[in-house]
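Asker: A single structure is presented below for examination.
The values are calculated or read from the model by the stated rules, or taken from the named source; none is laboratory data. It should be emphasised that the depicted structure is a prediction, and the values quoted were computed from it without experimental measurement. Don't worry about glycine lacking a Cβ; one is built from the backbone with ideal geometry, like all the others, and counts go over all protein chains shown. Remember, those area values only see protein heavy atoms, side chains included, never the ligands or the DNA or RNA. Shrake-Rupley method; radii C 1.70, N 1.55, O 1.52, S 1.80 Å.
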Amino acid sequence: MTVALALCNQNAPGLPGLFSLATRARLVTQWPHAGMVVDGVLMHANLANGLHASAFPGGNAWDMIDLPEQIAPQVLDAFARHKGAKYDAVSLLAFLLPGRVSDSRRVYCYEWCWLAMAGENPHWRVTPELLLYGAHMLNAKEGAGR
């Protein structure tokens, strides 16, 4: 099984593109959206559909970070448990206000990826750069185990 962290490097089309621009500006990041890809299926959370799966479109819009295939069952299990969760717009306020407001029944795209990779709900603000760190740690652990 192939598993990857997928970081979208382009803004969403239309009105959601404003949200992409705001995310890029506030987080000072090049990735306004993220998801997990397992065997060509993209699992991600957005405002319109919550946590859902779709065929991975591929292309230049996505930067892919391969992950150890051993985490595939963990990612699929996390998706099965949380599929259909609404988008966690409330937690995004933590990027604007002091403190952390969270609703564990909802996820935003970066929270979902952390949950899928780490196997636990994050209790802090999750950014694309934190996801890169998590991916690096998973890959380093895999390399050390060989």
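Asker: Looking at the range 54-70 only, could you name the residues that are more than 20 Å from Leu132 (Cα to Cα) and either open to solvent by 50 Å² or more (accessible area, probe 1.4 Å) or free of Cβ contacts under 8 Å to residues at least 12 places away in the same chain (or both)? Spell out the reasoning first.
Answerer: Our first condition is that a residue be more than 20 Å from Leu132 (Cα to Cα); within the range 54-70, this holds for 54-55, 57.
Correct list: Ala55, Pro57.
Asker: Shifting gears a bit: If you scan the range 86-120, which residues turn out to be at pLDDT below 85, touching a helix residue (DSSP H, G or I) at 6+ places or on another chain (Cβ under 9 Å) and closer than 17 Å to Pro32 by Cβ?
Answerer: Result: Tyr87, Asp88, Ser91, Leu92, Phe95, Leu96.
Asker: Do any strands (runs of 3 or more DSSP E) lying entirely in the range 1-52 carry at least 2 residues that are out of contact with any helix residue (DSSP H, G or I) (no Cβ under 8 Å at 6 or more places or on another chain) and at pLDDT 90 or above, and which ones are they?
Answerer: Details: elements: 3-8, 33-38, 41-46.
Fully inside the range 1-52 and qualifying: 3-8, 41-46.
Asker: Now for a separate question. Go over the candidates Ala85, Ala6, Ala22, Ala80 one by one and state the one that is among the hydrophobic types (A, V, I, L, M, F, W, C), open to solvent by 20 Å² or more (accessible area, probe 1.4 Å) and within 15 Å of Leu115 (Cα to Cα). Let's see the steps before the verdict.
Answerer: Working: Ala85 fails: open to solvent by 20 Å² or more (accessible area, probe 1.4 Å); Ala6 fails: open to solvent by 20 Å² or more (accessible area, probe 1.4 Å); Ala22 fails: within 15 Å of Leu115 (Cα to Cα).
One residue alone meets the criteria, Ala80.
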